[in-house]
Amino acid sequence: MIIIARIDERLIHGQIAYAWSVAYKSEAIMVIDDEVAKDDFQKSLLQLACPPQIKCLIYDEDKAVEMLKKYEKRKIFIVVKHPKTLLRLAKDDVGLTSVNVDGLYYKEGRRPLAKTIYVDEELEQVFRELNQLGVKLETRTTPTDPANDLMRLL
């Protein structure tokens, strides 16, 4: 089961490994990214960033859908770079009910919504589609921060 899904362009880093995964008592962190799944060097770096007691899984979108359905009773923490990945999961009915949005950094054409969340029209549209599918979208930098409704910021 997906215990938390987070959008963070950095994927696995200290805050993910030692704050979020602990707060949500994750058995595994699953990175879902088509490009990273093909890059052995990036995969090895992400595996090093995972705490030793938590399984590190790195899949492309197709394999992730398959594995989430297969291991629906496991406590899995999903991390992605882009909300389009989560839109795919929501449409494939893998049990995605909420998303923590943070770590979408400044790029040309993006406007700020919060300190660490910048969006463009494409990102806004994907968030609106996720919302229409009933996925709750919240912003928090750390697990102890109060949650804010992302849709109110758009």
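The values are calculated or read from the model by the stated rules, or taken from the named source; none is laboratory data. Computed from a prediction, not measured in an experiment: that's the story for all the values here. Here the Cβ positions follow ideal geometry from the backbone for every residue, glycine too, while neighbour counts run over all protein chains shown.
Couple of notes before you dig in:
- Residue 69 among the charged types (D, E, K, R), touching a residue at least 24 places away in the same chain (Cβ under 8 Å), assigned to a helix (DSSP H, G or I) and surrounded by fewer than 15 Cβ atoms within 10 Å (Cβ to Cβ): yes
- When we screen 25, 84 for residues that are surrounded by fewer than 21 Cβ atoms within 10 Å (Cβ to Cβ), farther than 24 Å from residue 143 by Cβ and of a type in the set (Lys, Arg), the only hit is 84.
- Candidate set: region 72-93, residues that are over 14 Å from the mean Cα position of the chain (by Cα) and part of a loop (DSSP other than H, G, I, E, B); chosen: the one farthest from residue 22 (Cα to Cα): 92
- Against the numbered list (1) more than 22 Å from residue 142 (Cβ to Cβ); (2) in contact with a helix residue (DSSP H, G or I) (Cβ under 8 Å, 6 or more places away or on another chain), residue 8 comes up short only at (1).
- Qualifying position, being free of Cβ contacts under 8 Å to residues at least 40 places away in the same chain and on the phi < 0 side of the Ramachandran plot, among 91, 84, 75, 43: 43
- Residue match in region 30-38 (condition: surrounded by fewer than 18 Cβ atoms within 10 Å (Cβ to Cβ), outside any helix (DSSP H, G or I) and not small (Gly, Ala, Ser)): yes
- Which numbered condition residue 16 fails, given (1) loosely packed, with under 13 Cβ neighbours inside 10 Å; (2) assigned to a helix (DSSP H, G or I); (3) in contact (Cβ under 8 Å) with a residue 40 or more places away in the chain: (1)
- Single condition residue 40 does not satisfy, out of (1) farther than 19 Å from residue 16 by Cβ; (2) within 16 Å of the chain's Cα centre (by Cα); (3) of a type outside the set (Val, Ile, Thr); (4) at pLDDT 95 or above: (2)
- Which numbered condition residue 51 fails, given (1) outside any loop (DSSP other than H, G, I, E, B); (2) within 15 Å of residue 13 (Cα to Cα); (3) touching a Phe, Trp or Tyr at 6+ places or on another chain (Cβ under 7 Å): (1)
- Wholly within region 102-154, strands (runs of 3 or more DSSP E) carrying at least 2 residues that are crowded, with 18+ Cβ neighbours inside 10 Å and touching a residue at least 12 places away in the same chain (Cβ under 8 Å): 117-119, 136-139
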